[in-house]
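The values are calculated or read from the model by the stated rules, or taken from the named source; none is laboratory data. The shown structure was predicted, so the numbers you read here are calculated from the model rather than taken from an experiment. Positions of Cβ are generated from backbone atoms using ideal geometry, with glycine treated the same way; all protein chains shown enter the neighbour counts. With ligands, DNA and RNA removed, areas are computed over all heavy atoms of the protein, side chains included. Shrake-Rupley method; radii C 1.70, N 1.55, O 1.52, S 1.80 Å.
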Amino acid sequence: MTKVALSGASGNIGIVLRPALLKLGGGLRSAGGRRTLTPIAPEEEVCNGDLRDAAFVDQLLAGVDVLIHMAATSVERPAPEIIENNLVALHAVYEGARRHRVRRIVFASSNHAVGMHSVETKLDLDCDLRPDGWYGLSKVWGEAMTRMYWDKHGIEGICVRIGTAIEKPTEFRHLSTWLGNDDLVQLITRCITVPDIGYLAVWGVSANTRSYWNNAGAARLGYRPTQNAEDYAADILAQPNPLDAVAQRFQGGGFVSMDYTPPDRRPSHPGA
Ligand code: 15L
């Protein structure tokens, strides 16, 4: 039986995952942050606190086999906030995983770690990391940290580069980036149950016809997505694309346009 801890349990993804993780039957301990978490069933253990605090991390990880690490600032914010919530907290959590001999960490990475790639390029998993802001950069740190804890400390790590995890795609970019709820649950469940994975990065994306990402590597997990954003294409294509011209050119969409230096104000940037 696998005891699972879930950080970021009160977030949008956490809310979708909790019932499915409980069904696995090995025990679930869920951590909330600022929003106080209450159990969804008597079997769910919950705790609330700040992941930068080692004592709270100990509370979360004692006796845990697999950590699903979803907690983070999940949008673009100024660098100091991202550093506290996504770098300092991650360090505290991963050191806690070492203390408690956690067997595996599933790290919620993001497509924003590669958001500066063109929408014309189909990316493999070993593509260059090209973050589109401070948030994306924190996911590059997290992926490298996950790799280091496997290489150096033997904690298995799966980095899931999540696209757009929402119930239904609503705009043009989502035709490429959508991760539906059924596929999200299947993917994270496979990340828990697959034996001996070592280290792996995968795209957290559904079987979208227009996907930006080649997810052949996810076969190692036995992940077989069943949802496709194309089923919503007729409605989406009938509406204007809400993104500005810069956001439409890059995979990271609207995150790219934030604090973006246009070509005519750059010292030099061939091809910008
Ligand atoms: C993410 O990583 C964000 O957490 C989420 O807010 C969305 O922006 C999503 O990516 C996306 O790219 O659609």
Item to check | Set of lysines with alpha-carbon distance to Lys122 below 26 Å, sequence-local pairs under 8 removed | outcome: Lys139, Lys168
Next on the checklist: Using +1 at the C-beta of Lys and Arg and -1 at the C-beta of Asp and Glu, which of Gly204, Gly217, Ile192 has the Cα lying farthest in the positive direction of the dipole of the stretch 4-259?
Outcome noted: Ile192
Item to check | Under 23 Å from Lys23, Cα to Cα: lysines that are on another chain or at least 8 residues apart | outcome: Lys3
Checklist entry - Taking Cα atoms, how many degrees apart are the long axis of helix 134-153 and the longest axis of the chain, rounded to 10 and kept between 0 and 90? => result 40 degrees
Checklist entry - What's the angle, to the nearest 10 degrees (0 to 90), between helix 12-23's Cα axis and the longest principal axis of the chain? => result 40 degrees
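Taking square-rooted eigenvalues a ≥ b ≥ c of the alpha carbon gyration tensor, is the stretch 4-259 rounded, prolate or oblate, where a/c under 1.5 means rounded and, failing that, a/b exceeding b/c means prolate? If you can, show how the numbers build up before the last one.
Working: a/c = 1.61, a/b = 1.46, b/c = 1.10.
Here the stretch 4-259 falls in the prolate category.
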Next on the checklist: Rounded to the nearest 20 debye, what is the charge dipole size of the stretch 85-208 about its Cα centre when +1 sits on each Lys and Arg Cβ and -1 on each Asp and Glu Cβ?
Outcome noted: 460 debye
Checklist outcome for this item: Checking Gly198, Gly157, Gly133 against a Gaussian network model of the chain (alpha-carbon springs below 10 Å), the top fluctuating residue turns out to be Gly198
Next on the checklist: If the only charges are +1 at each Lys and Arg Cβ and -1 at each Asp and Glu Cβ, what is the size of the charge dipole of the stretch 12-123 around the Cα centre, to the nearest 20 debye?
Outcome noted: 280 debye
Item to check | Cleavage-rule hits, trypsin sites (Lys or Arg not before Pro), the stretch 1-99, DSSP coil, Cβ neighbours within 10 Å at most 12 | outcome: Arg34, Arg35
Next on the checklist: Tell me the angle of helix 89-99 to the major Cα principal axis of the chain, expressed in degrees between 0 and 90 and rounded to the nearest ten.
Outcome noted: 40 degrees
Checklist entry - For the chain, what is the relative contact order in percent, using Cα pairs closer than 8 Å and at least 6 residues apart in sequence? => result 16 percent
Checklist entry - Among Ala233, Ala247, Ala89, which one moves the most in a GNM of the chain with springs linking Cα atoms closer than 10 Å? => result Ala233
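Which value, in Å², gives the accessible area per residue of the stretch 4-259 when a 1.4 Å probe is used on the protein heavy atoms?
On the way: 11190 Å² over 256 residues.
That works out to 44 Å² for each residue.
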Item to check | Straight-distance crosslink candidates among aspartates and glutamates, where the alpha carbon sits under 19 Å from Lys152 and sequence neighbours closer than 8 are dropped | outcome: Asp65, Glu95, Glu143, Asp196
Next on the checklist: Need the C-alpha centroid separation for the stretch 1-80 versus the stretch 195-272, integer Å.
Outcome noted: 27 Å
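Size of the dipole of the chain about the Cα centre, Lys and Arg at +1 and Asp and Glu at -1 on the beta carbon, nothing else charged, in debye to 20?
460 debye
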Item to check | Inverse of mean 1/r across different Cα pairs in the stretch 144-253, Kirkwood, Å | outcome: 15.0 Å
Next on the checklist: Pick from Ser74, Ser206, Ser30 the residue whose mean-square fluctuation is largest in a GNM of the chain, springs joining Cα atoms under 10 Å.
Outcome noted: Ser74
Next on the checklist: Computing the accessible area with a 1.4 Å probe over protein heavy atoms, can you report the carbon and sulfur percentage for the stretch 4-259?
Outcome noted: 53 percent
